Every structure is written in structure tokens, then in C-alpha cells.
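Just below is one structure, and these are the notes that go with it.
Every read-out reported here was derived from the displayed coordinates using simple, explicitly stated rules and does not represent laboratory data. Everything numeric here is computed off the predicted structure, so don't read it as measured data. Cβ: placed from backbone, ideal geometry, glycine included. Neighbour counts: every protein chain shown.
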Amino acid sequence: MGEQRKIKVLVCKPGLDGHDRGAKVIARALRDAGMEVIYTGLHQTPDMIVQTVLQEDPDAVMLSMLSGAHKALCPVIMDKLKEKEIDDVLVSVGGIIPDEDKPFLEEIGLKGFYGPGTELKTIVEFVKNNLKR
Amino acid sequence: MTEIDESKTLKPTKTERREKFTNLSDIEIKRLYTPEDIKDFNYDIDLGSPGKFPFTRGAYPNMYRGRLWTMRQFAGFGTAAQTNTRYKFLLDHGTTGLSVAFSLHTIYGYQADDDEALGEVGKEGVSIDTLKDMETLFSGIDLSKISTSMTINAPAAILLAMYIVAAEKQGHSPDKLRGTIQNDILKEYIAQKSWVFPPEPSMRLIIDTIEYCAKNVPQWYTISISGYHIREAGSTAVQELAFTLADGFAYVEAAMKRGLDVDDFAPRLSFFFNSHNNFFEEVCKYRAARRIWAKRLKNKYGAKKSESMRLRFHTQTAGVSLSAQEPENNIARVTIQGLAAVLGGTQSLHTNSFDEALCLPTEKAVKIALRTQQIIAHESGAADTVDPLAGSYYVEWLTNKMEEEAEVYFERIEALGGVIPAIKANFFQKEIANASYKYQREVEARDRIIVGVNDVQVREPCATPLLKIDEDVAREQIENLQRLREQRSNEKVQAKLEALKEAAKGTENLMPYIMDAIREYASIGEVMAALKDIFGVYREDSIF
């Protein structure tokens with residue numbers, strides 16, 4: 001990517017979970033850190049997310065999930081991204097992600113897993129240091 | 001506005017820990033309060049006796065000396081049968097009211113086998129698709145003896161209908177039923193985000209339930225006007241107070257517009273507030289809420305009955321205050337929050353379990369949370385006299401201050417044309433997003449200390465045993481639903497749904513039509529789909 005181009009991040013709320021305080025705070029922190037941030041809003045199905053990724057071509061996709069649906073929804077999202085041959089985008093999930101679910105999520109290509117109490121600068125650094133392009 | 005001045009971070013002055021002390025509403029707190037701070041204070045006008053206008057000191061004359069608050073623990077997960085077992089556990093351990101947490105798909109009015117329900121069935125609450133599930137949920141529990149609160153909004157009329165019919169099948173008429181449906185759609189657009197229909201038809205459904213219950217289910221609380229979620233979404237205490245009461249005013253105005261007499265429905269409105277960590281701020285918030293509501297109902301809406309002016313509320317301790325780090329510390333937080341609710345005069349209380357920043361609560365954690373309430377009730381002495389903090393210079397000053405700041409918000413909302421136009425202009429959403437970002441920045445700058453999170457932090461692996469929801473729950477729920485579809489009369493279901501749609505096009509009260517469909521075992525998804533055909537669905541702007 002060109003040196004001047006801003007890092008572009010898509011912050012997503014998959015599923016029916018309406019807990020969007022964390023997603024919105026993170027979206028703002030990433031924007032304040034100089035990134036271009038798109039927030040999908042609530043209730044995104046895997047197809048809607050993949051569609052937005054195709055349209056917006058972000059460098060990173062940050063999923064925020066607090067409802068416990070991550071084990072069901074994340075694999076679907078990752079499969080659909082793969083189907084579209086999107087493999088150079090950092091995909092992370094955070095929210096309420098129990099430790100024991102992390103190996104599985106890591107195996108399907110997700111990173112991050114930041115939960116309540118994480119400092120915003122940790123997340124900003126994470127995005128900067130884990131981009132795939 | 002969101003910039004934090006690093007030089008101010010915890011900088012001690014010569015004699016004090018910091019230059020400026022503020023509460024969570026950003027109200028500056030002085031070193032000392034004296035009679036000067038409440039010099040216009042008039043006992044009869046500002047406080048009055050407990051149980052009397054303006055109810056500042058409490059909703060009832062003898063408060064907890066008569067009857068303790070209802071210890072109502074919010075619970076629900078998995079299938080109706082699993083949650084029924086948890087309810088029986090809670091009842092055996094002294095809980096005095098039930099409170100149903102529904103699965104997300106139920107909250108949005110989807111059935112378990114809809115695509116949108118993927119991954120959600122039974123995860124955050126109990127999965128309810130049809131009357132059959134409601135019957136199972138309360139199997140062996142006498143619905144004429146217990147009071148039940150149901151946290152449900154967009155499809156509230158449908159779940160209420162299921163409850164009434166389930167009780168009928170137990171042999172109890174609707175006038176025997178006691179409980180609450182949350183039924184507060186305005187705060188969904190503002191904060192909790194589980195709306196379905198646009199605001200106007202949603203308001204119609206709510207007024208339909210108010211009207212129906214006033215005639216048929218007179219002991220039922222028809223709305224729980226909720227600040228809880230507004231606060232959880234990141235608002236300040238003042239915003240929670242102001243936005244919640246503004247919603248309350250909007251419901252009163254809508255019901256009066258329908259032609260209902262304010263004294264016929266206002267006594268059945270109830271409130272639901274959060275209790276966060278700043279003890280005095282929370283106590284004063286409840287006291288101010290009672291006073292504002294009483295004055296408004298009497299002076300603006302012309303209520304005549306004392307019960308119409310009397311604000312009653314449920315409290316839940318702040319989920320958002322729970323830390324995932326060192327989770328046992330949450331037991332101490334919940335104790336302080338629970339005590340604030342009691343000293344603020346709550347009518348019922350849910351204390352959160354210490355493990356809820358990690359998962360749905362385990363049985364052990366639920367038991368500690370309930371025990372916390374019992375300790376406050378029986379050991380602390382806080383319940384032995386009414387409103388013991390009254391007369392404190394600080395408490396009365398802060399109660400006045402919170403009322404004043406809420407009034408400023410009421411004027412701003414009025415200037416935008418009222419609550420619904422303000423929602424559509426994203427007013428509340430922006431105010432809350434700003435407050436929550438500011439708070440997070442303050443925590444990160446260590447202007448606010450969260451013990452074990454940004455202070456005295458010890459990194460240790462999480463050793464809390466977690467409650468996990470079996471992935472089989474979704475399969476079982478879907479199988480039950482499909483079996484039911486084979487057993488019921490699908491023709492009758494279709495006929496009742498068509499009748500409902502026709503009625504929805506007009507202005508008739510929809511409750512009887514919904515109940516007819518429910519009796520034939522129409523699913524929540526089917527009833528919602530019928531209403532969506534007529535009402536449409538709402539989409540919000542995605543602002544942050």
C-alpha cells in the first residue's frame with residue numbers, strides 16, 4: 001500500500017447482539033488514531049459483512065460479539081470470505097470470547113480476542129502490527 | 001471535547017488527591033457541603049413524607065419496614081425446560097419474583113429455525129417460539145402466586161399474550177396475574193437496539209397493551225420504562241435519569257392521546273434503573289426521579305390519584321461495571337450498587353453475578369448475588385428506617401442538582417420536537433456515544449480508577465468456571481418447533497394471522513387478535529411476520 005494511504009478498518013456487529021458500546025468506542029479510537037473507519041451498524045449477517053468487505057476493501061475487519069454466537073457465526077464469515085478469495089485482510093473478533101474458544105477461532109484465521117477492560121491503545125497497536133498488506 | 005489533558009492525570013495538589021473531583025455525570029463534587037448548599041430547601045415541598053407527594057423520600061410510608069423489596073434475579077438460558085429448572089432452584093433459595101431473560105432470537109421476534117437465529121438460540125436467554133414453550137417455562141409454578149417480569153420489547157404484546165393464555169390453561173383468569181412486561185420500545189431505539197417496527201406502529205402496540213391490561217389484567221405493569229440499557233450503552237447517570245423520564249412522558253402523552261384517562265393507566269407504569277459504582281450519585285438519581293415524575297404527572301398531565309404520581313422502580317446493578325479481570329472483585333462492587341438501590345428506595349432488585357463479564361452466571365455466582373441482597377436486607381440495617389440519607393447536605397444538594405440537569409435535557413428534547421423526532425435525529429445516540437467515549441478515555445488516562453483493571457493490576461489466568469450453553473439446544477428447540485407445526489392446525493393459524501393483519505391496517509386494539517393466533521400455537525416469528533407486512537421495519541443510521 002502507498003505510504004500516504006490511511007489504514008482502512010471495518011468495524012462490524014454480526015448477529016442479533018445489540019451491545020454496541022464497545023464497537024463504537026473502538027471505532028472512534030481507531031479513527032482518532034488516524035485510520036479510516038467504517039462502522040456497519042447492528043444486525044449484520046455473514047453475507048452482509050462479506051458484501052461490505054467486497055465493496056469497501058478494508059485492511060482490517062473487526063468483529064464485535066458479546067452474545068456467545070461467535071462459535072457459530074465466525075466460521076461462516078471466514079468461509080464466505082475465503083469463497084470470495086479474500087485472504088489479505090486482518091480479521092479479528094473481540095467482545096466476550098472465553099479463553100477456551102480462542103484456539104478454535106485462531107485455527108480458522110481470527111486474531112485479537114480483546115475483551116472488557118482492554119486499553120484502546122492496545123487495540124490500535126494490534127491493528128497496526130497485524131495487517132496482512 | 002474528547003481530548004484528555006495529560007497534565008491533569010491524578011496530579012495531587014498539596015493537600016488533596018486530585019485537583020477536581022467529579023462523579024460519573026461529570027458533576028463537580030465539592031470538598032464539603034453545608035447548610036449554604038441547600039439554603040432554599042423546604043422539607044414539605046422538596047421532600048414530603050414518604051409515600052406522599054412528591055415522593056422524594058420513597059414510594060410508600062413505611063418502605064422496607066413493611067415488606068422488603070422483591071429479590072428478583074433475571075434468569076433464562078437454553079430451552080424452556082432448562083430455565084424452568086433454574087427458576088425452581090431460585091424459588092427454593094428464597095427468590096420472591098421471577099424475571100425472564102429471553103434468547104436474542106425471541107427478543108427480535110424470530111423463530112429458532114430462522115436464518116437470523118443462527119448461533120443465538122438459548123445463548124443469552126431462554127428460547128421461546130410458541131405458547132408450548134411458555135407452558136413448559138412455567139410448568140409446576142403457580143402463575144396466580146408468583147409475579148413475573150419479562151424483559152421483552154418489540155414482540156412484548158405477543159409474549160404477554162402467551163403468558164395470559166398459559167395462565168388460562170393453568171386455570172387462572174387474567175385478573176389474578178401479577179408481573180411486568182418491559183414493553184419500552186423508545187429505549188430500544190435509543191440504546192438497546194432490539195427494535196423491529198418503526199417507532200409509530202411500535203407505540204401503537206404499546207398503547208394497545210396498556211389499554212388491554214387496564215381492562216383485563218389490572219394488576220399487570222404494562223411498561224417498565226427503562227434507563228438500565230441507556231446506562232449500559234454508556235450514558236451518564238444524569239442522561240439515564242433524563243432520557244428515561246422523557247420516554248415516560250412520551251408514553252403518558254401517547255396514551256392520553258388515545259383517549260385514556262391518565263389515572264386509569266399511570267399507576268401501572270413502572271421504571272427500571274441501573275445502579276453503578278458512584279454510591280451517592282445513584283441514591284440521588286432515584287430520589288430525583290421520584291420527585292420529577294410526581295411533579296410532572298400532577299402539574300402537566302393533571303393526574304388526580306396519588307398512585308399515578310408515585311414512581312416505582314426495579315433496579316439492576318450495572319453489568320457494564322463488572323470487570324473480567326479479577327472477577328471476584330465484582331462481588332464488592334455489586335454490594336455497593338445494591339445498597340445504593342436500597343437506600344434509593346427500589347421496589348425490586350437484581351444483583352448481578354460476579355462472573356457476568358465472562359459468561360452467563362453459574363449457579364454458584366447467582367447464589368452469591370442473591371445472598372448479597374439478603375445480607376443487605378437482614379444484616380446491614382439499611383432497611384430498618386425510611387430514606388436514612390435524607391437531610392444530608394450533600395445528598396439533598398446532589399438530588400437537586402440532578403433534577404436541574406435533567407430539566408435541561410427535557411428542554412433540549414422538547415426543542416427537537418419530542419422523543420421520537422430526537423431519536424430520528426440521533427440526538428440520544430450521539431449524547432450516549434460521546435459520554436461513553438469520554439468515560440473510556442478517562443479510565444485509560446487513569447483519571448478514574450477501576451480496581452484490578454487500571455490500578456493494582458495482577459495478571460492471572462481466568463480460573464472462574466464458566467456456564468456453557470450446549471450447542472444441542474438449538475437443535476432441540478428447532479425439532480420441538482417443527483414437531484409442533486405438524487401437530488397444530490396450520491389452517492387455523494393462517495386464518496388468525498390474516499385476521500390480525502386486517503386489524504393491523506385499521507386502528508383496533510390488536511391484543512385480542514394476537515391472543516387468538518397464540519391460542520392456535522402460531523409462533524412468534526409468524527405473528528411478527530404478519531405485523532411486519534403491515535408495519536414495515538425500522539433501520540437506524542450507523543453513527544459512532
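Averaged over all directions, how much area does the convex hull of the C-alpha atoms of segment B:472-535 cover when projected, in nm²? Working shown, then result.
Values: hull surface 18.0 nm².
The number I arrive at for segment B:472-535 is 4.5 nm².
Among the listed pairs B:LYS176/B:LYS367; B:LYS132/B:LYS169; B:LYS132/B:LYS496; B:LYS176/B:LYS305, give every one whose C-alpha distance is greater than 19 Å.
Check vs 19 Å cut-off fails for B:LYS176/B:LYS367; B:LYS176/B:LYS305.
Report, in listed order, any pair from A:LYS71/B:LYS364; B:LYS187/B:LYS215; A:LYS13/B:LYS438; B:LYS52/B:LYS298; B:LYS39/B:LYS401; A:LYS82/A:LYS132 with a Cα-Cα distance greater than 20 Å. List each step's numbers first, then the result.
On the way: A:LYS71/B:LYS364 25 Å; B:LYS187/B:LYS215 26 Å; A:LYS13/B:LYS438 22 Å; B:LYS52/B:LYS298 12 Å; B:LYS39/B:LYS401 13 Å; A:LYS82/A:LYS132 15 Å.
Those over the limit are A:LYS71/B:LYS364; B:LYS187/B:LYS215; A:LYS13/B:LYS438.
Taking a cut-off of 24 Å, what percent of all Cα-Cα pairs in segment B:41-159 are separated by more than that? Each step should come with its number before you reach the end.
Details: 2969 of 7021 pairs.
Across segment B:41-159, Cα pairs with separations above 24 Å total 42 percent.
Is there a pair in B:LYS193/B:LYS424; B:LYS257/B:LYS505; A:LYS6/A:LYS102 whose C-alpha atoms are over 22 Å apart, and which pairs would that be? Numbers along the way, then the final one.
Numbers: B:LYS193/B:LYS424 13 Å; B:LYS257/B:LYS505 19 Å; A:LYS6/A:LYS102 30 Å.
In this structure, A:LYS6/A:LYS102 lie more than 22 Å apart at Cα.
Taking the beta-carbon count within 10 Å as an exposure proxy, list B:SER321, A:SER64 from fewest neighbours to most.
Working: B:SER321 22, A:SER64 27.
By the 10 Å Cβ count, ascending: B:SER321, A:SER64.
Cα centroid distance between segment A:73-133 and segment B:160-207, in Å?
38 Å
GNM, chain A, Cα, under 10 Å: largest mean-square fluctuation among A:LEU16, A:LEU90, A:LEU63?
A:LEU16
Sorted from fewest to most neighbouring beta carbons within 10 Å, what does the list A:CYS12, A:CYS74, B:CYS359 look like? Intermediate values should be presented prior to the final figure.
On the way: A:CYS12 27, A:CYS74 24, B:CYS359 18.
The most exposed by this proxy come first: B:CYS359, A:CYS74, A:CYS12.
Using a 10 Å Cβ count of at most 14 others and DSSP loop calls, identify the longest part of chain A lacking such GluC sites (Glu not before Pro). The partial results should precede the final answer.
Numbers: sites that count: A:GLU3, A:GLU85.
Of all site-free stretches, the longest is A:4-84.
Is the shape of segment A:14-114 best called rounded, prolate or oblate, per the rule: a/c under 1.5 gives rounded, else a/b larger than b/c gives prolate, else oblate, with a ≥ b ≥ c the square roots of the Cα gyration tensor eigenvalues? Intermediate results must be reported in sequence, preceding the final value.
Details: a/c = 1.38, a/b = 1.07, b/c = 1.29.
Here segment A:14-114 falls in the rounded category.
What is the calculated FRET efficiency for B:THR96 to A:ASP57, with r their C-beta to C-beta distance and R₀ = 35 Å, to the nearest 0.05? The partial results should precede the final answer.
Details: r = 56 Å, r/R0 = 1.61.
Here the calculated transfer efficiency is 0.05.
How many Å³ per residue does the convex hull of the Cα positions in chain B occupy? Walk me through the intermediate numbers first.
Details: hull volume 82.9 nm³, N = 544.
It is 152 Å³ per residue.
Only loop residues by DSSP count here, and only those with at most 16 other Cβ atoms within 10 Å; note down the GluC sites (Glu not before Pro) in segment B:375-439 that meet that. Please report the intermediate quantities before stating the final value.
Working: sites: B:GLU379, B:GLU396, B:GLU403, B:GLU404, B:GLU405, B:GLU407, B:GLU411, B:GLU414, B:GLU431; in loops: B:GLU379.
Sites meeting the loop and neighbour criteria: B:GLU379.
Label-point separation (nm) for B:SER49 and B:ARG539, each offset 7 Å from Cα along Cα-to-Cβ?
Once both label points are built, they end up 5.8 nm from each other.
In segment B:179-221, whose amide N lies under 20 Å from the spot 7 Å out along Cα-to-Cβ of B:SER173? List them in ranges.
Under cut-off, by backbone N: B:179, B:211-221.
Distance between the C-alpha centers of segment B:496-520 and segment B:61-93? Whole Å please.
Result: 33 Å between the Cα centres.
List the GluC sites (Glu not before Pro) within segment B:490-520 that fall in a DSSP loop (any state other than H, G, I, E or B) and whose Cβ has at most 15 other Cβ atoms within 10 Å.
B:GLU508
Cut-off is 10 Å between beta-carbons; in what order do B:SER353, A:SER92, B:SER523, B:SER392 appear when sorted fewest neighbours first? Don't jump to the answer; show the numbers that get you there.
Details: B:SER353 32, A:SER92 20, B:SER523 28, B:SER392 16.
Final ranking by Cβ density, sparse to dense: B:SER392, A:SER92, B:SER523, B:SER353.
Can you give me the distance in nm between label points at B:PHE410 and B:LYS364, each placed 7 Å from the Cα along the Cα-to-Cβ direction?
With each label placed 7 Å out from Cα toward Cβ, I get 4.9 nm.
Once amide H atoms are built 1.01 Å from N in the peptide plane, which residues 5 or more positions from A:GLN44, or in another chain, come under 5 Å H to H?
A:LYS13, A:GLY15
What do the square roots of 5 times the Cα gyration tensor eigenvalues come to for the protein assembly as shown, in whole Å, largest first, as semi-axes of the equivalent ellipsoid? Present the calculation step by step, with values, prior to reporting the outcome.
Numbers: eigenvalues 253, 240, 113 Å².
So the equivalent ellipsoid measures 36, 35, 24 Å along its semi-axes.
Whole Å is fine, so just give me how far the alpha carbon centre of segment B:211-230 lies from that of segment B:240-274.
9 Å
Considering only DSSP states other than H, G, I, E and B, which trypsin sites (Lys or Arg not before Pro) in segment A:33-128 qualify as loop sites with at most 12 other Cβ atoms within 10 Å? Intermediate results must be reported in sequence, preceding the final value.
Values: sites: A:LYS71, A:LYS80, A:LYS82, A:LYS84, A:LYS111, A:LYS121, A:LYS128; in loops: A:LYS84.
Answer by residue number: A:LYS84.
Taking a ≥ b ≥ c as the square roots of the Cα gyration tensor eigenvalues, with a/c under 1.5 meaning rounded and otherwise prolate when a/b beats b/c, else oblate, which class fits segment B:283-376?
On the way: a/c = 3.12, a/b = 2.80, b/c = 1.11.
Prolate, because a/c is 1.5 or more and a/b exceeds b/c.
What is the gain in length, in nm to one decimal, between B:SER380 and B:ALA332 on full extension, counting 0.36 nm per residue of separation less the C-alpha to C-alpha distance? The partial results should precede the final answer.
Details: separation 48, 0.36 × 48 = 17.28 nm, distance 1.43 nm.
Here the segment from B:SER380 to B:ALA332 would lengthen by 15.9 nm.
Label-point separation (nm) for A:ASP47 and B:GLU471, each offset 7 Å from Cα along Cα-to-Cβ?
So the two model labels end up 2.3 nm from each other.
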